């Protein structure tokens, strides 16, 4: 049934079919402000955006199910990888929009808010689908510019304006670096099409200009993934932005950065399988090791929960960066899988923080004293999210970390010792991370709070939290279906 | 369908009870208590059926395990499975864990009756705890085992911190929970690293695959590291020196939880891991000397701390540490003997090593019974007098006779008085420790020292256990007492005391042979144990060491009797201002807790602060010029509360420069790409 439906869509629309998911989201971005100005009710654009996001995700899943893969206008490719990543972005966008109407920090500018979130999502979807450097650049800029604005939208808080300005300045700096790097690569290789980069690179050979261009790209997109030392904006921004936006940036925007890095660097160094250039792998390995270590270490001394979560997501970025170092199918599978588990656990944690802020609780960890008595279900959910982030089995975080870490032992079906040191650092790091997660759990469950009054949590939040918790448990206990999708995506990305 | 094919039900039943008790517990009688008891009892029945099915099957006769797997994680060429692995060892683990847990849960009905609504949380968590242990026992690969291992760690964290609400010592209690969690986690990290190395060596974590291909990989350079790291996990979980310190602090939880942790679950997991990994451990005899030495040292070290402690639960906690040391000592010595025996093709050594293995397992079972008995007995005492300080007790024998005499049985058992269960296994343990010296093998002197330490420990054990008993139950009453505990609490005590007397007698049957079968299933070359039960008994009674140990135990009891019951020598003399140095050191637990605090706080937090400082400020002083050059124009906007934008930009610039520098170095010096 799905097959015939997909055929019909293809017959009707031709190659436009491959950008229908993005088109739906753009429609949502345009509709949201219109609906808001017509109705003056913030819930309407939220509901419409949410429905369209779910619809777009269904289209993606339908295409993936029927293997309707292809390229629109020679620019935007829908394949197993971009389809799966689109689902991830739409899931995050859906979660963000779902909780925004009931969240107290959400601004008066509701129409623009949903339009910006939707536009950013569309940008991410275009970025993972692009098959040229310029396509990627423009899409990522769409995401960046809308993100600056969403951070600034929380106008009643000076921290937000500050964060937005910083975000903008560092972002502009990174954009300049990115563009500079791309122009160097174009200058050296004479192409901007990803699929040709590798072949041209093998013809030209390793040269100085390509490497400098790569460095500039690592720095430019390292900003997006918040890799050390390009991470310093992240804690300020996550703290300053309204909490659903922080969650959106930490889970979706960061994943887009990874997807783009995967696309560009695998195209350069792996896709043609012509050049195996070791130093670039070591550079990524060092960045991964430093990123996870700095993220975890600094997280220990944080007192603001959002800042702590920010550093913890820097650390998580370090884990995912292992795949950039190892550059194997298994590692990429693990990385994509970890992105998904990160969405449910980190997204879940941010949603819980948002719910508690709405219920009148502060952002400091010490405000969570005695939470287990005031809101037992939320405290239990928070505990699961944090323990999953720390990698305690049988939760999702453990399973994905195990796949990711063990990938560094098996490279292309062979056992290697090369990355054993990286895994040991990663395992030590994830042990260290338990310290600050357990501290929050201890505060919630063990310390006595000043108030024992029950907190009223909106049903909408409870549904969102429940979805995340179900995700954490299901992905931990029965990861196989998603893992298979991730593997297909990794094959589509790497070409083998 | 054979009975043993339903082994997956054994951990599943308590897991279902966990969900039921957690969600609808407050609507059921006893706040979920009956659900938890029914679950544990059903798990025990199931375990018994599975064991019976396996015992009567052809698999048992052929010394093969029953394995059933389904795929859990499949990525490329790696498949991690989720399944069950049934052999004699897993049957034994399931049986005693579920049986003792059932009794402890019944006891909890009485012990926790005043906790009202919070019992729901308690019964849900203990059910999950039991799930962890039973799952660990039936797991078919190391990763699955690790999953259950961690579930237990998590439950222990929650249960040790159970009193943390509304309790006068809440802060202390909660930090005990955190300590237990973090210290055992340190072991878990070692274990995880060890498992990664195993995965690297064998390409699989499946027991059957690893045990089957051990011959091909036995010379791998990394194997000793894997063994030591795995043993690191055991040190954490089974509280061996130097990660022992969480166990005494874990006394902060309800006494029933202590009984569960010490007797039926948690700490036994580490012993189980050593026993299960025998095929791997026996590949490296030097590491086994280390294992045995850690065990022997922990035994005497922990016993010394029990000598002067005034807290009834802590005395028992130290005795657990000490007894766990015995088990590790026996298993380490056994593995050492088997290792040398296989290398030299000496069947006698393998036989002696197998005896060490059996001694470790038997001591684990016996310890489970008498320690559960002692803990539940102490819980009954605490319930009646409302304090854990033994100086406030005394003369309770008349007021609570059942508790007093069942605990006396426990004391006899742990002290190693003949007929009582502890006697048999302790003797086998010491014999195993002595064997390498007796056979004149390398490191013989080490084992001789360990044997002597074991002997001294036997003396100390008898002394401090009876010191506890005499202080609590004899002499003048020193405080208020409610009288004997309710039947739900005394009934489990009576059952356990029967086992504390009789469980050692299994050695007269063919117990040794059954256990050795499990070794044979994983190591076809080892596991030869042909002696009949009565021969073992005869051997025990013809060895001089048996009588030496017995005399030492009796002397220990006698000293305790004269000091604490007859007051012939006043122990209060130690309590004066001029305490001997040794007394003070022991009372401070050899300054270990303080060292931990210093390390974890001063170092850990200091490093964290330092990194943050570098992260925030270092660049400020050093690269201001650079940052001005890069984003000099942004000054007006850049001044902010949480940090300088220009510093952030300087980071980026510095990062780029460093990366370029790395490439430049490679480009210029590496030359080749």
| task | Please find, within the stretch A:354-364, the residue that is nearest to the other protein chains (Cβ to nearest Cβ) out of those that are surrounded by fewer than 24 Cβ atoms within 10 Å (Cβ to Cβ) and out of contact with any strand residue (DSSP E or B) (no Cβ under 7 Å at 6 or more places or on another chain). | result | A:362
| helices (runs of 4 or more DSSP H) contained entirely in the stretch B:84-166, each with at least 2 residues that are over 16 Å from the mean Cα position of the chain (by Cα) and closer than 17 Å to residue B:188 by Cα | B:142-160
| message | Can you tell me which residue is farthest from the other protein chains (Cβ to nearest Cβ) among those in the stretch A:302-348 that are within 14 Å of residue A:234 (Cβ to Cβ) and not in a helix (DSSP H, G or I)? | response | A:304
| Test for residue A:197: is it within 20 Å of residue A:135 (Cα to Cα), more than 10 Å from every other protein chain (Cβ to nearest Cβ) and in contact with a helix residue (DSSP H, G or I) (Cβ under 6 Å, 6 or more places away or on another chain) | yes
| remark: Selection from the stretch A:403-421 of residues surrounded by fewer than 24 Cβ atoms within 10 Å (Cβ to Cβ), assigned to a helix (DSSP H, G or I) and either modelled with pLDDT of 85 or more or in contact with a strand residue (DSSP E or B) (Cβ under 7 Å, 6 or more places away or on another chain) (or both) yields A:406, A:421
| said: Can you report the number of residues in the stretch A:208-229 which are more than 26 Å from residue A:168 (Cβ to Cβ), more than 7 Å from chain B (Cβ to nearest Cβ) and without any contact (Cβ under 8 Å) to a residue 40 or more places away in the chain? | reply: 1
| Mind checking whether some residue in the stretch A:380-400 is without any contact (Cβ under 8 Å) to a residue 60 or more places away in the chain and farther than 27 Å from residue A:474 by Cα? | no
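Residue-wise test of (1) outside any helix (DSSP H, G or I); (2) over 20 Å from the mean Cα position of the chain (by Cα).
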residue: A:37; (1), (2): no, yes
residue: A:45; (1), (2): no, yes
residue: A:59; (1), (2): no, yes
residue: A:74; (1), (2): yes, yes
residue: A:104; (1), (2): yes, yes
residue: A:113; (1), (2): no, no
residue: A:116; (1), (2): no, no
| note | The residue from A:149, A:160 that alone is surrounded by fewer than 20 Cβ atoms within 10 Å (Cβ to Cβ), under 16 Å from residue A:109 (Cα atoms) and touching a helix residue (DSSP H, G or I) at 6+ places or on another chain (Cβ under 6 Å) is A:149
| said: Looking only at the stretch B:25-63, count every residue that is more than 22 Å from residue B:98 (Cβ to Cβ), in contact with a helix residue (DSSP H, G or I) (Cβ under 8 Å, 6 or more places away or on another chain) and surrounded by fewer than 16 Cβ atoms within 10 Å (Cβ to Cβ) and tell me the total. | reply: 1
| If you check B:32, B:53, B:39, B:25, which single one turns out to be within 14 Å of chain A (Cβ to nearest Cβ) and part of a helix (DSSP H, G or I)? | B:25
| Tally, over the stretch B:64-75, of residues that are within 14 Å of chain A (Cβ to nearest Cβ) and surrounded by fewer than 23 Cβ atoms within 10 Å (Cβ to Cβ) | 6
| Does at least one position in the stretch A:431-447 carry a residue that is farther than 19 Å from residue A:297 by Cα and outside any helix (DSSP H, G or I)? | yes
| remark: Pairing a residue in the stretch B:178-196 that is more than 9 Å from chain A (Cβ to nearest Cβ) and more than 25 Å from residue B:253 (Cβ to Cβ) with any residue that is at pLDDT 85 or above and crowded, with 23+ Cβ neighbours inside 10 Å, where Cβ atoms lie under 6 Å and the two sit 6 or more apart in sequence or on different chains, gives B:194/B:226; B:194/B:230; B:195/B:142
| remark: When residue B:78 is run through (1) in contact with a strand residue (DSSP E or B) (Cβ under 9 Å, 6 or more places away or on another chain); (2) within 14 Å of another protein chain (Cβ to nearest Cβ); (3) farther than 27 Å from residue B:196 by Cα, the failure sits at (3)
| Residue check for residue B:216: within 11 Å of chain A (Cβ to nearest Cβ), in a helix (DSSP H, G or I), at pLDDT below 85 and at negative phi | no
| Hits in the stretch A:453-496 - residues which are touching a helix residue (DSSP H, G or I) at 6+ places or on another chain (Cβ under 8 Å), within 12 Å of chain B (Cβ to nearest Cβ) and exposed (fewer than 15 other Cβ atoms within 10 Å of the Cβ) | A:496
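The values are calculated or read from the model by the stated rules, or taken from the named source; none is laboratory data. Since the model is a prediction, treat every value here as computed from it, not as a measurement. Glycine gets a Cβ as well: all are built from the backbone with ideal geometry, and neighbour counts include every protein chain shown.
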